[in-house]
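Please read the structure below before turning to the comments.
The values are calculated or read from the model by the stated rules, or taken from the named source; none is laboratory data. What you see is a predicted model; the values in this text were computed from it and never measured. Every residue, glycine among them, receives a Cβ derived from its backbone with ideal geometry; neighbour counts consider all protein chains shown. Protein only, heavy atoms only, side chains kept; ligands, DNA and RNA dropped before computing areas. Shrake-Rupley method; radii C 1.70, N 1.55, O 1.52, S 1.80 Å.
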Amino acid sequence: MTPEDVGTLLMRIAAIDNRTITPETAAAWELMLKPYVTLTDATQAYIDFYADPRWADNPRRPWIMPADINRRVSQMRDRRRASDVDIEQAMVGRTGELGTLAEHQARQQVKLLTADGMSLEQAVSQAVEAARRKQLEAPQQDQHAKPRKKHYHFAGRGQTRIGAMGLKDTLGGAA
């Protein structure tokens, strides 16, 4: 979330629980909220928190904290995330020329995209297309890779490479 989003969220929360918002409070919340938390999800999380019937008649209702937002958003993302079976059915026939690793990465991408709220069909299309592009670009990158220089370790006192010596010479006569 951007600092502006965190400020908006805190202003909405303050309208309910009358907390005082300072720049330090907003900065602390920004640090504590998980990177996958969006303003839309966080807003739904605080609405669900304050709509909880356990707190309806309790004058000592607790304030919502960043950990509460993170937990509730994580639960919402888990509910939205497509199951492996659904992903398997949606990807049938679409991953023909993809290798095993690329197909696995595409499946993981589909899980993330559906957790973010994208439909399963859109997520599969986007993830498979990204995997195909990545697979096409990968061989071109390998052609330009420089060979790694070999480094040899030398023993002390004018010796040659360690691998060229016997064990007794390598260990200094201790063997």
**Message:** Please report the accessible area of residue 29 (heavy atoms, 1.4 Å probe, ligands and nucleic acids excluded) in Å², nearest 10.
**Reply:** 10 Å²
**Request:** Send over a whole-number figure in Å² for the accessible area per residue of the stretch 1-65, probe 1.4 Å.
**Result:** 64 Å²
**Accessible carbon and sulfur surface of the stretch 1-144 relative to its total accessible area, %, 1.4 Å** = 54 percent
**Asked** Given the Cα-Cα distance of residue 60 and residue 39 and 0.36 nm per residue of separation, how much length would full extension add, in nm?
**Response** 4.9 nm
**Complete:** tail above 21 Å in the computed P(r) of the stretch 1-127, as % of all Cα-Cα pairs, reads 51 percent
**Prompt:** So how many Å³ per residue does the convex hull of the Cα atoms of the stretch 83-133 work out to?
**Reply:** 62 Å³
**Prompt:** Looking at 43, 126, 96, which one has the Cα that reaches farthest to the positive end of the dipole of the stretch 1-133 (charges on Cβ: Lys, Arg +1; Asp, Glu -1)?
**Reply:** 43
**Prompt:** If you take all C-alpha pairs in the stretch 8-47, what percent of them are over 17 Å apart?
**Reply:** 28 percent
**Fill in**
Expected field for residue 111, accessible surface area in Å² at 1.4 Å probe radius, rounded to 10, holds 50 Å²
